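Right, one structure below, let's go through it.
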Amino acid sequence: MTKRTRNGKGTQEGNEPSGTLAAALTPLMSGMAATRRHLLDGVQGLGVRALELVFAAEAEALAGPKGKHQAERTHHHWGRTPAELTFGGRRIQVQRPRVRSCEGEEAVLPAVAAWRERDPLTARVLAQILAGVSTRGYASTLEAGPASAPSRGTSKSAVSRALAQRLTVSLAGQLAQRLDDLDVLALFLDGGVIAGQTVIVVLGLMRDGVKRPLGLRLGSTENAVVCTDLLQDLLARGLPITDRVLCVIDGGKGLRKAGQDVLGTAAVIQRCQLHKARHLQALLPKAHVRATMRRAYRAASVTAARRQLQALAAWLESNGHVDAAASLREGLEDTLTVLTLGLPPRLQRFFATTNCIENVIGTVRHVTRNIKRWRDGRMIRRWVGLGLARAGMRFRRIKGHQDLTALVTGLRKSAAAEPAA
């Protein structure tokens, strides 16, 4: 029930209007903002002045005090010039003294050289971009620069150039890195469409349960030529494939053919069960089969799973869903590979799908979400490489990594069970 005051209004007696409190707080908030701004200006001014003093001290150490004769002088003061340094996510110009040797060669001040080598600008740009800031909005995320020093490097084009240079160098190092020391148990291969091109990614699972992006390729589709080139590049970089390795794919025929052509009998193919179920549902007017497929894939043995899936295919065919039945029978044995390896339930569920590499591709899409104009394939590769590096920073060891020896045992048993050629 609303309490009425003496004047008949519906507010409680004794309550002050909200506008009075806002009016009282406005000067306080404005004063806090002004204090912060003045404090920042003061700190930045002191920082710039300290840099100039350091430069002056180093110039004096090389050339001696100005205006004093030195018989054994090795350097001379030679005026002043602007030095461009990184400060607060931008480049500012600070006046530094010039020093030349008696032979006329320009001397580099140690502090200037050290500051330029440090150059945290590209790291700041990269951190902002990963946080979702566009290159156009980068400048608005920075604090105001020193009023006494001209600044640049915050425009869209400058940020793009700095980012492109950083990504080009990091991607080149990432794709040329040697893989000789890796102990790979499984390879996950999948592709996603970025900027109208198919990006194929390989993710490796190590014996200790750590995931690591190993390589990428761009192509029109997940065709066998591109996938073969990608796997051959991994071997050329020293990826050791001495025993059998589980290759988890989404069902693409190009990926399967490439794995068998490059790795031969060392490749044990597991097709993603989730992709198979999704494709089957797309062929049916009403999807009633997913629960049946889930029960089959979780059967106690591969024989029971095969029997249930074959019965489902026969039912689909008898009810007129011929295409769905053919889709279910196509590659059926590849979807049951994990059931033949004797894995614990947790590992069996992990290796039955390509979820882990789809999460990586999802990270790539998230990183590239703000890009509106793609120029060429090199730009796509740079940003995909950034997305892979971002995903790799968040990787943790898989659940159940303590039981990965069961995968090693299962792969070896599968090799022993095959008849000799």
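The values are calculated or read from the model by the stated rules, or taken from the named source; none is laboratory data. Here the structure is a predicted model, which is why all the values come from computation and not from measurement. Neighbour counts are summed over all protein chains in view; Cβ atoms, including those assigned to glycine, are modelled from backbone coordinates with ideal geometry. The accessibility values were calculated without ligands, DNA or RNA, using every heavy atom of the protein model including side chains. Shrake-Rupley method; radii C 1.70, N 1.55, O 1.52, S 1.80 Å.
What angle do you read, to the nearest 10 degrees and between 0 and 90, between the alpha-carbon axis of helix 405-417 and the longest principal axis of the chain? Approximately 40 degrees, to the nearest ten. Placing K211, K253 in order of accessible area, with the largest value first and a 1.4 Å probe, yields K253, K211. Rolling a 1.4 Å probe over the heavy atoms of the protein chains gives the stretch 340-421 an accessible area of 59 Å² per residue.
Rounded to the nearest 10 degrees, the inclination of helix 121-130 to the longest alpha-carbon principal axis of the chain is 40 degrees.
Working from Cα pairs under 8 Å separated by at least six residues, relative contact order for the chain is 12 percent. Is the shape of the chain best called rounded, prolate or oblate, per the rule: a/c under 1.5 gives rounded, else a/b larger than b/c gives prolate, else oblate, with a ≥ b ≥ c the square roots of the Cα gyration tensor eigenvalues? It comes out oblate by the Cα gyration axes. Taking each residue as 0.36 nm, the span from V225 to R100 lengthens on full extension beyond its C-alpha to C-alpha distance by 39.1 nm.
Sort the stretch 304-355 into rounded, prolate or oblate with this rule: let a ≥ b ≥ c be the square roots of the eigenvalues of the Cα gyration tensor; rounded if a/c is under 1.5, and if a/c is not under 1.5, prolate when a/b is larger than b/c, oblate otherwise. Prolate, because a/c is 1.5 or more and a/b exceeds b/c. State whether the stretch 303-421 is rounded, prolate or oblate according to the following rule on the C-alpha gyration tensor (a ≥ b ≥ c being the square roots of its eigenvalues): a/c under 1.5 gives rounded; otherwise a/b larger than b/c gives prolate, and the remaining case gives oblate. Here the stretch 303-421 falls in the oblate category. The long axis of helix 302-318 is offset from the longest Cα principal axis of the chain by roughly 80 degrees.
Computed with a 1.4 Å probe over protein heavy atoms only, the accessible surface of the stretch 58-210 comes to 51 Å² per residue. Taking packing as the residue-averaged number of other Cβ atoms within 10 angstrom, the listed peptides 104-115, 126-137, 86-97 run from highest to lowest as 86-97, 126-137, 104-115.
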